[in-house]
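The values are calculated or read from the model by the stated rules, or taken from the named source; none is laboratory data. Keep in mind the model is a prediction, meaning the values are calculated, not measured. Cβ placement follows ideal geometry from the backbone for every residue including glycine, while neighbour counts extend to all protein chains displayed.
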Amino acid sequence: MAPDFKGTQKQITPLIHDKGSLLMKHLFMLIVMTGLLAAGIVAADTTVDPEQNLLLIYSNDVVGETEPCG
Amino acid sequence: MEKLRESQELPILALDGGNLLFKQQKFSPGLLLQAKITAAGIIDSYNLMGYDAVAVGRNDLAAGISFLQEQAGRAKFTWLSANLVHNSNKKTLFSASLIRKVGNISVGVIGLTGYDGPIRFAESEDVVLLPWQEVLPDLVADLTGRCDLLILLSNVGSNQNNEIAETFPDIHLIIQSAPRAGNIAPHLNNKSLITQTGKQGKYLGWMTINWQKSKTWGRDGTTKELATKKQELDGLNGRISRIERREKKEDLPANTGYQNLLTARESLLSEIIFLENELQSLKDSGQTPATFENHFITLDVNLPDQPEVKKIVEATKKGVNTAGRNQADESATSPAATELQLEDLPFTGWMTCGLCHAQQTAFWRNTGHASAYRTLAEEEQQFNLDCLPCHVTAEYKDIKISSNDAVLFLLPAQLQQVGCEVCHGPGKKHAASQDPEAISRKSDISICIRCHTSERDDNFNYDNDSARIACPASE
């Protein structure tokens, strides 16, 4: 059985935000935050040490075939 | 990459698995100038994108060591290869590794060039490529004590990377550039995480890493379980507060559902405290497991170009095409030009086919194949030999007009498109004899995938696409 290690992998495609969807996103966040405050929720403590974080960008010949011939 | 850098606000390390300069291990010496222009453009783009290190891939050796060393000099990033060494003194040609401080973490990166057996280099080059078994033991032992996180940029195949993971638990992350097209999501083998992005500019991988003193990727579910419990607590609190708002305070003690929720919350809170204590004690003892979150970004053609990189790419394409054009001008007066007479070629051109197969030729003229050369010319890439062979009629299975691709510059207009004979084979004999046995009626997939490779044409589907371009039967 595959080990249950932490970490997720996601296949994402870039999103294009228009003003409408951004407004909806902010509205949704406001509703969620209001709900949390009403329920007396305090932000969860984090076990992550921010000084130990890094962003790794990696590729495999990223220039490659990005420019088609024609 | 710019957006990632802005949005994540984390210290960054950018790495590439190699095979930048050539897409295959073969190289035509006649294309040296074009190869130099392309290499310069690619390296300049990487400089702009802020790469820290790139492994020397097996394909990067296609034009020889001196070519690579000459081009590598313009890089602002570090080329890494631990196993490409001078034969005489066994010293590496490029850096075997580097250590970079990324935020508070000392990250060691080793480069490994693809090895599937000994390579014959020119004797004058004094170079030998060694298998990983000969170079990694000392290097890993040396770096383990000097860095917190050890990454291997590996150009060797997947099986070899699995062996490396099993042999060297101190390599924490293997970024492979094995010869396969797709993404491989990070997976644990022994103590090493192995991952790969799709090759040739289709995807970019990015990973946020929370590295810990334990130097071990988390296997237990404590952090995940804690997050789940906290989510459950959020839900319970919401339900409890809704009941409290809805019901009168004096009725709550008798409300069984409400009381059950309170009991559940008590139980959940004690579980959360237990898990938090467990994690804290792991952290105090330096045993907190490291975590990561990985993403593959599809490098869609609709993504906006970075203006400076776009300028480099356009200048490179123009430079390659100009070099090809000059080569074509020179070739036009060379002996090869006089050799290339249409009447001597096995291909006859679409106009001859149309004399008897007018209906089929008319159909073909409305397909993309018929305008393949024109679209190339519109992009000013008709003298780019990386492109040209797939836009003309000059090859069918093992029949090729010439082993010298530069001869393609001299093709007559009748062959400047993907004509009938690319699918049906050279038609000179058939046209002369009208013998149906002298031509192939049906194409097959091996012909199509010479050009419709997964790198160039993600959506190619032989059954659908061949049906779409199949000529109509004669009425």
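Of the residues that make up the range B:346-361, is at least one surrounded by 12 or more Cβ atoms within 10 Å (Cβ to Cβ), in the same structural domain as B:GLN414 (by TED's automatic domain parsing) and modelled with pLDDT under 80?
Within the range B:346-361, none of the residues are surrounded by 12 or more Cβ atoms within 10 Å (Cβ to Cβ), in the same structural domain as B:GLN414 (by TED's automatic domain parsing) and modelled with pLDDT under 80.
State yes or no: is B:GLU247 in contact (Cβ under 8 Å) with a residue 40 or more places away in the chain and either among the acidic types (Asp, Glu) or surrounded by fewer than 17 Cβ atoms within 10 Å (Cβ to Cβ) (or both)?
Values: in contact (Cβ under 8 Å) with a residue 40 or more places away in the chain: no; either among the acidic types (Asp, Glu) or surrounded by fewer than 17 Cβ atoms within 10 Å (Cβ to Cβ) (or both): yes.
Criteria not met by B:GLU247.
Return the only residue of B:LEU149, B:LEU93, B:LEU112 being within 25 Å of A:ASN53 (Cα to Cα) and among the hydrophobic types (A, V, I, L, M, F, W, C).
Numbers: B:LEU93 fails: within 25 Å of A:ASN53 (Cα to Cα); B:LEU112 fails: within 25 Å of A:ASN53 (Cα to Cα).
From the options B:LEU149, B:LEU93, B:LEU112, the qualifying one is B:LEU149.
Return the total of residues in the range B:1-42 being within 14 Å of B:PHE67 (Cβ to Cβ) and touching a strand residue (DSSP E or B) at 6+ places or on another chain (Cβ under 7 Å).
Counting residues in the range B:1-42 that are within 14 Å of B:PHE67 (Cβ to Cβ) and touching a strand residue (DSSP E or B) at 6+ places or on another chain (Cβ under 7 Å) gives 1.
Let me confirm something: among B:ASP170, B:ASP116, B:ASP138, B:ASP142, which residue is at pLDDT 90 or above and assigned to a loop (DSSP other than H, G, I, E, B)?
On the way: B:ASP116 fails: at pLDDT 90 or above; B:ASP138 fails: assigned to a loop (DSSP other than H, G, I, E, B); B:ASP142 fails: assigned to a loop (DSSP other than H, G, I, E, B).
Being at pLDDT 90 or above and assigned to a loop (DSSP other than H, G, I, E, B) holds for just one of B:ASP170, B:ASP116, B:ASP138, B:ASP142, which is B:ASP170.
Given (1) part of a loop (DSSP other than H, G, I, E, B); (2) modelled with pLDDT of 85 or more; (3) within 30 Å of the chain's Cα centre (by Cα); (4) not polar (S, T, N, Q), where does B:ASP457 come up short, assuming only one miss?
Exception for B:ASP457: condition (2).
Given the condition loosely packed, with under 15 Cβ neighbours inside 10 Å and either within 30 Å of B:ASN104 (Cα to Cα) or facing chain A (nearest Cβ under 10 Å) (or both), answer yes or no: does some residue in the range B:199-214 qualify? Steps first, please.
Within the range B:199-214, the first condition is being loosely packed, with under 15 Cβ neighbours inside 10 Å, and the residues that meet it are B:213.
From what is left, the residues that are either within 30 Å of B:ASN104 (Cα to Cα) or facing chain A (nearest Cβ under 10 Å) (or both) are B:213.
Yes - at least one qualifying residue is present in the range B:199-214.
Sort through B:ASN366, B:ASN384 and tell me the only one that's exposed (fewer than 13 other Cβ atoms within 10 Å of the Cβ) and in a loop (DSSP other than H, G, I, E, B). It would help to see each step written out before you state the result.
On the way: B:ASN384 fails: exposed (fewer than 13 other Cβ atoms within 10 Å of the Cβ).
Of B:ASN366, B:ASN384, the one residue that is exposed (fewer than 13 other Cβ atoms within 10 Å of the Cβ) and in a loop (DSSP other than H, G, I, E, B) is B:ASN366.
Kindly check whether there is at least one residue in the range B:440-450 that is within 24 Å of B:GLN24 (Cα to Cα), within 14 Å of chain A (Cβ to nearest Cβ) and surrounded by 16 or more Cβ atoms within 10 Å (Cβ to Cβ).
Looking through the range B:440-450, none of the residues is within 24 Å of B:GLN24 (Cα to Cα), within 14 Å of chain A (Cβ to nearest Cβ) and surrounded by 16 or more Cβ atoms within 10 Å (Cβ to Cβ).
Do you know which of the residues in the range B:400-425 that are of a type in the set (S, T, N, Q) and either assigned to a helix (DSSP H, G or I) or modelled with pLDDT under 90 (or both) is surrounded by the most Cβ atoms within 10 Å (Cβ to Cβ)? Steps first, answer last, please.
Filtering the range B:400-425 down to residues of a type in the set (S, T, N, Q) leaves B:402-404, B:414, B:416-417.
Remaining after also requiring either assigned to a helix (DSSP H, G or I) or modelled with pLDDT under 90 (or both): B:402-404, B:414.
Values: B:SER402: 15, B:SER403: 7, B:ASN404: 12, B:GLN414: 17.
Ranking the candidates gives B:GLN414 first.
When you scan the range B:178-194, do you find a residue that is away from every other protein chain (no Cβ under 11 Å) and within 35 Å of the chain's Cα centre (by Cα), even just one? Talk me through it step by step, then tell me what you get.
At the first step, the residues of the range B:178-194 found to be away from every other protein chain (no Cβ under 11 Å) are B:192, B:194.
Filter once more, so that each one left must be within 35 Å of the chain's Cα centre (by Cα): B:192, B:194.
Yes; the residues of the range B:178-194 include at least one that is away from every other protein chain (no Cβ under 11 Å) and within 35 Å of the chain's Cα centre (by Cα).
Exactly one condition in (1) within 15 Å of B:GLN71 (Cα to Cα); (2) small (Gly, Ala, Ser); (3) away from chain A (no Cβ under 11 Å) is not met by B:SER45; state its number.
Failing condition for B:SER45: (3).
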